[in-house]
Amino acid sequence: MSREPEQMQEMSDDETFGLSADVVTAVEDALDAVEDSGNEETLQEVGDLVENLHEADAADLLEQLGRKERKALMKVLGAGFDPEILPYLDTSVKEEIVELLGPQGIANLLPSLDSDDQVDLFDDLDEELRMHILSALPMTYRRVIEEGLSYPESSAGRLMQRELVAVPSVWTVGETIDYMRVSDDLPDDFYDIYIVTPRHKAVGSVSLSKLLRSRRHMRLDEIIEEQLHTIPLVTDQEEVAHLFRQYSLVSAPVVDEQERLVGVITIDDVVDVIDEEAAEDIMKMGGVSEQDFYEDIVDTTKSRFAWLVVNLFTAIAASLVIGLFEGTIEQVVALAVLMPIVASMGGNAGTQTLTVAVRSLAMKDLSSSNAHRFVGKELLIGVINGLLFAILAATVAWVWFESRQLAFIIAAAMIINMIVAGLSGTLIPIGLDRLKIDPAIASSVFLTTVTDVIGFFAFLGLAAFFLL
């Protein structure tokens, strides 16, 4: 049975932030009731509930529903679907919603979005669907979107919005405020007014707060901030995020090859980039993608298969090392019990170092100027941890198997592998970064291989030398 409108509205207001589980359940129940009876009153209940949600919460609702329920909800919303929901949707769900709306439906909604959100929407669509939607758009919007898509993927050109406030330096504060009051072309949200030459070259900026605190008769060139952090169109979005973080920016102008002002990037877009890049690096290190949560079983299996194949070959490499010492293991069964300890400790220690290195590279904290200090520090940590855990592992081996030789062997192997782990955790990501390979993707595979192979080889090699 569906809930009363007042009950559902009350549930949506219970939590200050986020989407409550009660709201999701209420929508699912109401959709079931719609499917069973098609009652017009129930249809209105669902529409009212979604309409009262923030766009981000409405996007979460669509993502939490199953495909069947999403399709039913979109049918209920119809022309009342809020286009501001689209930028908040996960890529996989966004594609599904776009297909449900159809080319003409998307074309009708696009003018309500900022130019950066328009380009971002097209960025996630396949070529055929792009062309169908573009053909249904007025030429003005089509030109803006096609220009945005012409810039490199994940660049400032894709990230920027075209709507901005640009005025000449000879204007007064009063003229600028009056212009902003009557203009219909201003962005919904902005933080800076950019001062431009007749050739539209940005020469400085005035923050909105400074403008409002200044007297009306003052000229803009009297209060201008000339230190302007301009961003070229082709700048990678990671560089953009670094610039915002480094200089605590809330907005920054984007310029073309002739230094002409063509757009602006705001902090809300950069927050999305930081979140996206961080999530991407985490997913890459695990060999999965962000879409795994929403994709079906077949697609998810395909995307993970290649990564698992790589891991299979690294595991075979470690097994070949063990095979070299098959005779040694047969004669000293205790080696089979203890050898996973050495490889496991090396792998965990290396992963700790690797995580710090990959993050430092992403944050621009680790560079060629301080790489030697970082490597030296991690090497020293590897030596210290190696000695400490060598004592612990040797004690366990001595008490367990009552063998001084076995205790010495595992202690020596532990020291060797912990040192190698520290070096590998630093040198592998640095080396991959120098080769222009994303260290978040490949580092863990190489690290696991090195620590397993060295760990097994050191432990079994020492055992073969001293015990046999």
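The values are calculated or read from the model by the stated rules, or taken from the named source; none is laboratory data. Predicted model, so just to flag it, every value in this text is computed and none were measured. Cβ sites come from the backbone with ideal geometry, for glycine too, and all protein chains shown count toward neighbours.
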Next item on the list: Give the number of residues within segment 110-153 that are polar (S, T, N, Q) and buried (at least 19 other Cβ atoms within 10 Å of the Cβ).
Entry: 2
Note to self: One residue is enough: does segment 87-101 have a residue meeting the conditions surrounded by 15 or more Cβ atoms within 10 Å (Cβ to Cβ) and not in a helix (DSSP H, G or I)?
What the structure shows: yes
Next item on the list: Check whether at least one residue in segment 143-155 is under 25 Å from ILE265 (Cβ atoms), assigned to a helix (DSSP H, G or I), modelled with pLDDT under 90 and over 28 Å from the mean Cα position of the chain (by Cα), and report yes or no.
Entry: yes
Next item on the list: Return yes when ILE430 is over 36 Å from the mean Cα position of the chain (by Cα), part of a helix (DSSP H, G or I) and under 20 Å from LEU354 (Cα atoms) and no when it is not.
Entry: no
Next item on the list: Can you run down the residue pairs with Cβ atoms below 6 Å, 6 or more apart or on separate chains, where the first is in segment 152-179 and over 30 Å from VAL273 (Cβ atoms) and the partner is assigned to a loop (DSSP other than H, G, I, E, B) and among the hydrophobic types (A, V, I, L, M, F, W, C)?
Entry: VAL173/MET218
Item checked: segment 156-174, residues that are more than 20 Å from LEU113 (Cα to Cα) and in a helix (DSSP H, G or I) -> VAL173, GLY174
Notebook entry, point to check: Mind checking whether some residue in segment 221-239 is exposed (fewer than 15 other Cβ atoms within 10 Å of the Cβ) and over 35 Å from the mean Cα position of the chain (by Cα)?
Noted result: yes
Margin query: Any residue at all in segment 184-192 that's assigned by TED's automatic domain parsing to the domain that holds PHE244, over 16 Å from THR266 (Cα atoms) and surrounded by fewer than 16 Cβ atoms within 10 Å (Cβ to Cβ)?
Written below: yes
Checklist line | Qualifying position, being modelled with pLDDT under 95, in a loop (DSSP other than H, G, I, E, B) and touching a strand residue (DSSP E or B) at 6+ places or on another chain (Cβ under 6 Å), among LEU228, LEU186 | finding: LEU228
Item checked: Options PHE408, PHE459; residue that is among the hydrophobic types (A, V, I, L, M, F, W, C), assigned by TED's automatic domain parsing to the domain that holds ILE322 and either at positive phi or surrounded by 24 or more Cβ atoms within 10 Å (Cβ to Cβ) (or both) -> PHE459
Next item on the list: Please work out which residue is nearest to GLY18 (Cα to Cα), limiting yourself to segment 78-94 and to residues that are at pLDDT below 85 and not hydroxyl-bearing (Ser, Thr, Tyr).
Entry: ASP90
Next item on the list: For segment 241-257, indicate whether the set of residues that are assigned to a helix (DSSP H, G or I), modelled with pLDDT under 85 and either under 22 Å from ASP90 (Cβ atoms) or touching a strand residue (DSSP E or B) at 6+ places or on another chain (Cβ under 9 Å) (or both) is non-empty.
Entry: no
